Amino acid sequence: MNRLRQSGIDFSVGTLNFLANIGIMLPYVLILTKYQTTHSETFLIALVAFYISRAASIFYTKRLNLRSTTYLILSLVLGALGSLTFALTDAVGWLIIGSLLWGYSAATIWPYFLTVKLHLSATTEFRMKRLYWAIFAGLALVIGVDLLAKLSYTLTFVLLALLYLAAVPGGILLDNFTNDFYQNRPHHLHGITQTWRWILSVIGFAVIAVLTTLRKASVSIPSGIVLAIIGVALVILAIELYSDRHVLPNYKVRLLNRGFLVSLVLLFNSFFAYFYLGSGGMYAVFALYLVGFETGYPVFKALGKHDEARALRLSQISLVAGHVLLLVPWVGSYPVGLLLITLYVGYDNPTINETLYGSAEIDSDTAIVNKYRFSTYGGLLCQLAMFGLLVAVSAVTHTHILDFFKPSNAGNFWLYTLTMSWPLVLISLGISIGNILHEPKTRDVTRSVD
């Protein structure tokens, strides 16, 4: 009986670990696939609602002043409700609600899970068993059955909802394990009290909704209006950053740089790769990102012979070299440039987690959430710059915006290289050099964190 109970606990915690790692992308991929399969405006609306909820939630998730463990359990419950909604109905109103719930879960499950892991590592000897491959294999099997039986992913949505619920006992267990941590720390209050910031945020994310729709469907909006709303969004972004100038002031450039780099690789280049690598370009970019992200830290640690200053310097050289190679219009240098940039991201990610969490002047229960918050700022800046360039060049050359997102040939290679790729890479390079000049020469890191 005890063995059965322990197996159930291991499965619940392992499922939580699995969902935290795939929770930010898998719901988006499933809803996108559903839209691409049905070409239904209902699922396009649901996709946009999910995207906006995922982008916005990281900014407002700490407003109830609850424990990170409580937020983690809430994220699991809302993820289950969101997934179940897609399994049970095609009604647009319910799907919007489901998308909003699922979007919050996707945005917050990993930051809070990582925060709880760090709390546990600081106060207990608790270790989580990894069941990634077993759960992933089961999920892949269900998706295969779904496709063969033409069930429109209903079975997959149901299974995901059950996995979210199965992870809840694991979340409750982790909450119990962290009781001592929360009892021995001061209570910090967080919240936005300025009404004008809420209003600006609503306007800003409405702009992101418009831009997301333009990326997915043929919508006729005059270029001047689109450029104007992008300008408004950039102003709002600048105001928000200024208003948060006292939050993580020593790390803000580094986090903005991280967000811009991730969006440059995973958003812009997942589409631009078509003009270099053809229809398989998007998958190649994802593969390069995964390799770089997972191996960046051990690679530079090994090359630096476990000297932090040398490893940091090598990672920065890799970052700059990657940008330079992306400026070379040659298929041979293109994937190498992307890999060098993602190796830097892979090295920087665990070190920034450790630095923020271990900093005496930062609330450890919000450190990781704030990391993803400012990283999201950087990602939004990249998106706005990309759309601004794309709308401008589409207006001047009388091409359609979807020609970039859904190209039929590589005839516009030089057009998008000169007007989009090079400007974005140069902006990213400028932010990266500013970050290199701004940050200290060494980072005190004693262990790797996901």
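In segment 1-107, counting only helices (runs of 4 or more DSSP H) that sit wholly within it, the ones holding 3 or more residues that are open to solvent by 20 Å² or more (accessible area, probe 1.4 Å), closer than 28 Å to F286 by Cβ and not hydroxyl-bearing (S, T, Y) span 26-38, 41-60.
Given the structure, is Y242 of a type outside the set (K, R), closer than 29 Å to G358 by Cα and exposed (fewer than 14 other Cβ atoms within 10 Å of the Cβ)?
Working: of a type outside the set (K, R): yes; closer than 29 Å to G358 by Cα: yes; exposed (fewer than 14 other Cβ atoms within 10 Å of the Cβ): yes.
Taking the combined requirement at face value, the residue satisfies it.
Kindly provide the set of residues from segment 108-123 that are open to solvent by 10 Å² or more (accessible area, probe 1.4 Å) and not aromatic (F, W, Y), ordered by number. The answer is K117, S121, A122, T123.
Conditions (1) more than 19 Å from G379 (Cβ to Cβ); (2) touching a Cys at 6+ places or on another chain (Cβ under 9 Å); (3) polar (S, T, N, Q); (4) outside any helix (DSSP H, G or I), marked per residue:
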position: I203; (1), (2), (3), (4): no, no, no, no
position: A209; (1), (2), (3), (4): no, no, no, no
position: L214; (1), (2), (3), (4): no, no, no, no
position: I221; (1), (2), (3), (4): yes, no, no, yes
position: G259; (1), (2), (3), (4): no, yes, no, no
position: L267; (1), (2), (3), (4): no, yes, no, no
position: Y276; (1), (2), (3), (4): yes, no, no, no
position: G280; (1), (2), (3), (4): yes, no, no, no
position: L290; (1), (2), (3), (4): no, no, no, no
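The condition (being aliphatic (A, V, I, L, M), more than 21 Å from T42 (Cβ to Cβ), open to solvent by 40 Å² or more (accessible area, probe 1.4 Å) and assigned to a helix (DSSP H, G or I)) is satisfied by just one residue among I230, I225: I225.
Test of understanding: among L101, L155, L162, L120, which residue is over 22 Å from the mean Cα position of the chain (by Cα) and modelled with pLDDT of 90 or more? Can you show your working first?
On the way: L101 fails: over 22 Å from the mean Cα position of the chain (by Cα); L155 fails: modelled with pLDDT of 90 or more; L120 fails: modelled with pLDDT of 90 or more.
None of the other options fit; the residue is L162.
Can you find, within segment 394-411, the residue that is nearest to V324 (Cα to Cα) among those that are surrounded by fewer than 17 Cβ atoms within 10 Å (Cβ to Cβ) and in contact with a helix residue (DSSP H, G or I) (Cβ under 7 Å, 6 or more places away or on another chain)? Filtering segment 394-411 for residues that are surrounded by fewer than 17 Cβ atoms within 10 Å (Cβ to Cβ) and in contact with a helix residue (DSSP H, G or I) (Cβ under 7 Å, 6 or more places away or on another chain), the one nearest to V324 (Cα to Cα) comes out as A410. Restricting the first member to segment 371-399 and to residues that are within 21 Å of A107 (Cβ to Cβ), and the second to residues that are modelled with pLDDT under 90 and of a type in the set (K, R), the beta-carbon pairs closer than 7 Å and six or more apart or on different chains are F374/K252.
From the list N250, N257, which one is open to solvent by less than 40 Å² (accessible area, probe 1.4 Å), polar (S, T, N, Q) and closer than 22 Å to L429 by Cα? Break it down stepwise before answering.
Numbers: N250 fails: open to solvent by less than 40 Å² (accessible area, probe 1.4 Å).
Criteria check complete, one pass: N257.
Looking at V320, is it modelled with pLDDT of 95 or more, outside any helix (DSSP H, G or I), under 20 Å from L266 (Cα atoms) and not basic (K, R)? Can you show your working first?
Details: modelled with pLDDT of 95 or more: yes; outside any helix (DSSP H, G or I): no; under 20 Å from L266 (Cα atoms): yes; not basic (K, R): yes.
So V320 fails the test.
When segment 346-374 is filtered for residues that are in a helix (DSSP H, G or I) and open to solvent by 10 Å² or more (accessible area, probe 1.4 Å), the ones remaining, listed by number, are E354, T355, Y357, G358, N370, Y372, R373.
The values are calculated or read from the model by the stated rules, or taken from the named source; none is laboratory data. Quick caveat: nothing in here was measured; it's all calculated off a predicted structure. When we count neighbours, we look across all protein chains shown, and the Cβ atoms used for this are built from the backbone with ideal geometry, even at glycine. Surface accessibility is based on the protein's heavy atoms, side chains included, excluding ligands, DNA and RNA. Shrake-Rupley method; radii C 1.70, N 1.55, O 1.52, S 1.80 Å.
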